[in-house]
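Have a look at the structure below, then the notes.
Where a number appears in this text, it was derived from the coordinates with a stated rule and is not lab data. What you see is a predicted model, and the numbers here were worked out from it, not measured in a lab. With ideal geometry, Cβ positions are generated from the backbone for all residues, glycine too; neighbour counts draw on all protein chains shown.
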Amino acid sequence: MAAVSETIVREYFELREFLVRQHRKYIGQTRHEDEDDIDFFVLNPHPRAHEGELPFVLGSADLPFIQRAVVVVKGWHTETFSTARLVASPEIFRFVEPKVFQQAARAFGKDGAPLKILVVPALPQAAEAREESIALLRSKGIDAVIPFRTMLSDLVSETEINRNYTKSDLLQIIRILKNYDLLKDPQLELFNKTRRKTLKPRESKRQSED
């Protein structure tokens, strides 16, 4: 599962024209190798200036304003990152410890500290619980998070049926699923759901009679 999750993250950043470097391809024999806690270094060759602070929960529209970042992937796809889950998993925050982060920052030279981005499965839906999780993540030194849903929605939207993605198994699978109508663009699904909700009862009855 870790390899699949990392593939999703790599494809997402590359789709957004970032240069992506994976720190290492192997897993150390012990967990004393702190560098293993960081999955990717990402660099935007052409960052755009941004006034004010970026949101903590990043969307695809925010990526052009990021210059460089270290990225940690937590592909626990059946989990929600509630405060209880975060407190019970202190290893999540190992990459923001000074020793680990300083080693990672050297990869970017002296051009400024990179952002610390955590890729998460989901944050709580309830507003209060969500804000509590965000506050805890901030207090631990995380600069921003990107939900997997954001990444997957973007990949699905940008993958075209009439292109052959021979160099990407992930995009090729998405393309095939879309070709057989087993996977829909998120925008199209949203439009269809909205249309069904706003359909008047009389119109709905007429359609069923037809």
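The order of Arg85, Arg68, Arg149, going from fewest to most other C-beta atoms within 10 Å of their C-beta, is Arg149, Arg85, Arg68.
May I ask you to sort Leu58, Leu137 by Cβ crowding, counting other Cβ atoms within 10 Å and putting the fewest first? Mind dumping the intermediate values first?
Values: Leu58 21, Leu137 25.
Neighbour counts put them in this order, fewest first: Leu58, Leu137.
The mean of 1/r over all pairs of different alpha-carbon atoms in region 2-156, once inverted, gives a Kirkwood hydrodynamic radius of 16.0 Å.
Just to verify a number: FRET efficiency for Arg94 and Ser157, C-beta to C-beta distance, R0 = 22 Å, to 0.05?
0.10
Subtracting the Cα-Cα distance from 0.36 nm times the residue separation, let me have the gained length for Leu136 to Ala107 in nm, one decimal.
Result for the pair: 7.7 nm of gain on full extension.
Counting only DSSP beta bridges whose two residues both lie in region 2-156, roughly 45 percent are antiparallel. In this rough spin-label picture, where each label sits 7 Å from Cα along the Cβ direction, the Ile8-Phe56 distance is 2.2 nm. Each of Thr7, Thr166 was scored by other Cβ atoms within 10 Å of its Cβ. Listed from fewest to most, they are Thr166, Thr7. For the peptides 12-18, 88-94, residues were scored by their other Cβ atoms within 10 Å and the scores averaged per peptide; the highest-first order is 12-18, 88-94.
Taking a Cβ cut-off of under 12 Å around Val9, the surrounding Lys, Arg, Asp and Glu residues balance to a net charge of -2, with basic ones at +1 and acidic ones at -1.
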